[in-house]
Amino acid sequence: MHGKVQLAQSRSRWARSIAPIFHRILDRIDDGLELGAIEAALPDGTRRLLGGKGAGPIAHVTVANWRALRRLVTGGSIGWYEAWADGDWTSPDPVPIFDLFMRNRTTLGNVARAKRGARVAARLIHALRHNDRRNARRNIAAHYDLGNDFYEAWLDPTLTYSSALFAPGDTLEAGQHRKLAAILDRLDVPAGGTVLEIGCGWGSLAEAAGKRGIKVRAITLAQEQQRHVAARTRGLPVAASLTDYRDVEGTYDGIASIEMVEAVGERYWDDYLAAVSRALKPGGRAAIQFIKIAEDVWPAYSSNVDFIQACVFPGGMLIHEPRFRALAEAHGLAWRDRHAFGEDYAETLRQWRIRFDAAVAEGRLPARFDPGFIDLWRFYLMYCEGGFRGGGIDVVQITLAKEGA
C-alpha cells in the first residue's frame with residue numbers, strides 16, 4: 001500500500017511539473033477564442049475560462065490527462081478523437097467544442113491542426129484510398145455496407161441519410177419528405193419521363209419519383225443498398241443496379257444526386273461532372289445536394305486528413321464550391337437556384353444522435369458492433385453537428401441546367 005501511495009504522489013508531482021507547458025497551449029486557445037468560451041477543468045486541479053470575449057456557445061470540458069492537449073496540437077481532429085476515446089477528456093456535450101473550433105477557425109490558426117509528421121502519414125494513407133473504380137467500391141462498402149439493420153435502427157422511417165429540409169414544426173420524417181420533393185421539383189420531370197439517380201441510398205428519392213410516374217435508374221456501389229432499393233420499389237418504374245457513375249450509358253431527362261459527390265474525391269470531380277453532362281439530355285436539369293467546406297478552411301483541409309476521412313468515410317472529400325462550379329460550367333452545366341441550409345443539417349444530425357442514443361439504450365443496434373464502434377459513431381454525429389453550427393461547413397442544393405434546349 002505504501003508503495004502505491006508513493007507512486008501516486010510521484011505521478012502528482014510529475015503532472016504539476018509539466019502543467020506549465022500545457023497551460024501555454026491553453027493560452028494560445030484562449031487568445032484565439034474570439035467568440036464563445038470554454039470552461040475547462042484541468043489535471044492539476046485548476047479551472048480556466050478560455051475565450052469569453054464575444055457572444056457564442058459555452059463548452060464545458062474536463063481534461064483528465066494532459067495528453068489530450070498534446071494529441072490535439074499534434075494530431076488535430078484525429079488526435080482529439082483518440083484522446084476522447086481513451087478518456088483523456090470528457091464533456092457533457094461535446095457539440096459546442098466542435099462549434100467553437102470551427103466558429104473561431106481563423107483566429108485559432110493552426111493550434112488544433114495536425115502537425116507535419118502526423119499529417120504526412122495520414123495523407124499517404126488517404127491517397128491510397130483515392131476513388132478509382134476498385135477503391136470506390138471498397139470505400140463505399142466500408143461505410144454503407146455496415147448493414148441495413150444498423151441504419152434502420154436510428155434513421156427516420158424514410159431511411160434517408162442526408163440533410164432534411166425543415167419548415168417550422170416539421171418532424172425529421174416530414175423534413176426528409178420536404179427535401180425529396182424539393183429535389184424532384186428542381187428536375188421538373190413529368191410522369192413518363194426518365195431520371196438517373198447517382199448514389200440512391202436506400203431508395204427514398206427513387207420511391208418518391210416512382211410514385212409520380214417517373215422512370216428511375218437508381219445506381220449505387222453498396223450491395224446492401226441495392227438489394228433494399230430493389231425490394232422497396234417493387235411495382236414502381238424503378239431499376240436499381242450496382243453501377244459506377246462513370247459507367248452509365250444512355251441519356252435522361254433529369255439527374256438527381258444527393259450527398260454522393262462527397263464520396264468522389266477532388267481528383268474525380270471532373271469525371272463526375274462529365275458523367276452528369278454526358279447522361280443529361282439537352283435542356284435537362286440535374287439537382288445536386290452537396291456538402292461544402294468554407295473557402296477559408298479549404299487550404300488547411302485539402303492539405304490534411306481530418307477525423308472523418310481517417311475514421312468514418314475513407315476516400316471522402318467535401319466540396320470546394322467555386323472550383324466545383326467552374327468545372328460544372330466547363331461541361332456546359334449552368335449553375336442555378338442555389339439554396340444553402342446548413343442549420344437544417346445541424347438539426348438533422350441532432351435528431352439522428354438522439355435516435356442513435358435511444359437505439360443504443362434500447363439494445364436495438366446489431367450485436368456485432370462493439371462499444372468502441374458505437375462511441376466512434378456518436379463522436380462522428382456530434383463532430384458534424386458542431387461543424388455545421390460553427391459555419392465552416394454547409395449543405396447546398398443546386399440545379400445544373402444543360403445547355404442546348
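The values are calculated or read from the model by the stated rules, or taken from the named source; none is laboratory data. All values reported here derive from a predicted model rather than from experimental measurement. All Cβ positions, even for glycine, are placed from backbone atoms using ideal geometry, and neighbour counts span all protein chains on display. All accessible areas refer to the heavy atoms of the entire protein, side chains included, with ligands and DNA or RNA removed. Shrake-Rupley method; radii C 1.70, N 1.55, O 1.52, S 1.80 Å.
Structure notes:
- Residues of the range 310-323 that turn out to be touching a helix residue (DSSP H, G or I) at 6+ places or on another chain (Cβ under 6 Å) and open to solvent by less than 30 Å² (accessible area, probe 1.4 Å), as a count: 6
- Selection of the range 347-390 for residues being of a type in the set (Ser, Thr, Tyr) and open to solvent by less than 40 Å² (accessible area, probe 1.4 Å) yields THR348, TYR380.
- Output for the range 72-98, where each listed residue is under 20 Å from the mean Cα position of the chain (by Cα) and more than 23 Å from SER303 (Cβ to Cβ): TRP84, ALA85, ASP93, PRO94, VAL95, PRO96, ILE97
- Summed over the range 254-297, the residues that are assigned to a strand (DSSP E or B) and either of a type outside the set (D, E, K, R) or open to solvent by less than 50 Å² (accessible area, probe 1.4 Å) (or both) give a count of 17.
- In the range 179-218, the residues that are within 19 Å of LEU165 (Cβ to Cβ), in a loop (DSSP other than H, G, I, E, B) and open to solvent by 40 Å² or more (accessible area, probe 1.4 Å): ASP188, ARG212
- Whichever residue in the range 10-33 is in contact with a Ser or Thr (Cβ under 9 Å, 6 or more places away or on another chain), at pLDDT 90 or above and buried (at least 16 other Cβ atoms within 10 Å of the Cβ) and, among such residues, is farthest from GLY386 (Cα to Cα): GLY32
- Single residue of the range 302-353 satisfying the filter (at pLDDT below 90 and among the polar types (S, T, N, Q)) that is nearest to ALA142 (Cα to Cα): GLN309
- Taken together, ILE393, ILE398 contain a single residue that is buried (at least 20 other Cβ atoms within 10 Å of the Cβ), in contact (Cβ under 8 Å) with a residue 60 or more places away in the chain, in contact with a His (Cβ under 9 Å, 6 or more places away or on another chain) and not acidic (Asp, Glu), which is ILE398.
- Restricting the range 234-253 to residues that are in a loop (DSSP other than H, G, I, E, B) and not hydrophobic (A, V, I, L, M, F, W, C) leaves a set whose member that is most open to solvent (accessible area, probe 1.4 Å) is ARG234.
- Residue count for the range 133-156, restricted to those that are over 23 Å from ARG353 (Cα atoms), touching a helix residue (DSSP H, G or I) at 6+ places or on another chain (Cβ under 8 Å) and surrounded by fewer than 20 Cβ atoms within 10 Å (Cβ to Cβ): 1
- Condition check for ALA164 on (1) under 20 Å from the mean Cα position of the chain (by Cα); (2) surrounded by fewer than 19 Cβ atoms within 10 Å (Cβ to Cβ); (3) among the hydrophobic types (A, V, I, L, M, F, W, C): one failure, at (2).
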